[in-house]
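Trainee: Encoded as structure tokens, here's the structure I'll be asking about.
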Amino acid sequence: MAGFNLGAIYLEADDTHRADLVWQKVAALGDADAMMCVARLALQRDDRVAAKKWIEPLLLAQDQPYPITALGVALRDSGDESTAVRIFDRAVALGDGYAMEYAARIHWAHGDIEAATEVRRRAEGATRYGWGRI
């Protein structure tokens, strides 16, 4: 946790390079939150290869939906909606209502009204993880 927090301090100070270095070390030790942060920074740099390195380990290591949903949002925002839906599906399986809403919006935008309606139906009784909408 200390390594993750150190990376957050560097990020707050606008030193993304140091934040990335610290988080990569912590992520390599299995910290799912650091994996999410490294992947998000890579997506911000438009480095999909570096981001992809952490996506699968994050999904396998994480049992809390918030970091997964946050990664899905980063992928959605970077234009990779197909991977975002796959990521959201993992958070949906963990019961995250936000991930359900985000996935439903993508399905709706792509004309898959049936899938969007089903996911939204599930979202009605779902838990909202994290600190609010991303």
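The values are calculated or read from the model by the stated rules, or taken from the named source; none is laboratory data. Given the structure is predicted, the values throughout are model-derived calculations rather than measurements. All Cβ positions, glycine included, derive from the backbone under ideal geometry; neighbour counts span all protein chains shown.
Trainee: Give the number of residues within the stretch 80-100 that are within 21 Å of Val49 (Cα to Cα), surrounded by fewer than 18 Cβ atoms within 10 Å (Cβ to Cβ) and of a type in the set (A, V, I, L, M, F, W, C).
Mentor: Residues meeting the conditions: 0.
Trainee: Of the residues that sit in the stretch 24-35 and are under 11 Å from Gly7 (Cβ atoms) and hydrophobic (A, V, I, L, M, F, W, C), which one is farthest from the chain's Cα centre (by Cα)?
Mentor: In this case the residue turns out to be Val26.
Trainee: Assuming Ile134 fulfils every condition listed in (1) at pLDDT 90 or above; (2) in a loop (DSSP other than H, G, I, E, B); (3) of a type in the set (Val, Ile, Thr) apart from one, which condition is it?
Mentor: So Ile134 meets the others, but not (1).
Trainee: Filter the stretch 1-54 down to residues that are outside any helix (DSSP H, G or I) and farther than 13 Å from Ala74 by Cβ, then give me how many there are.
Mentor: Qualifying residue count, the stretch 1-54: 7.
Trainee: Could you please find all residues in the stretch 21-69 being in contact with a helix residue (DSSP H, G or I) (Cβ under 9 Å, 6 or more places away or on another chain), of a type in the set (Asp, Glu) and closer than 19 Å to Glu81 by Cβ?
Mentor: Asp47
Trainee: With the structure loaded, tell me whether Leu59 is surrounded by fewer than 22 Cβ atoms within 10 Å (Cβ to Cβ), among the aliphatic types (A, V, I, L, M) and out of contact with any strand residue (DSSP E or B) (no Cβ under 8 Å at 6 or more places or on another chain) or whether it fails that test.
Mentor: Judged against the criteria, Leu59 is a match.
Trainee: For the stretch 78-96, what are the residues that are over 14 Å from Ala109 (Cα atoms) and outside any strand (DSSP E or B)?
Mentor: Those that are over 14 Å from Ala109 (Cα atoms) and outside any strand (DSSP E or B): Ser78, Thr83, Arg86, Ile87, Phe88, Asp89, Arg90, Ala91, Val92, Ala93, Leu94, Gly95.
Trainee: Does Met35 fit the bill of being crowded, with 22+ Cβ neighbours inside 10 Å and at pLDDT below 90?
Mentor: Yes: the conditions hold for Met35.
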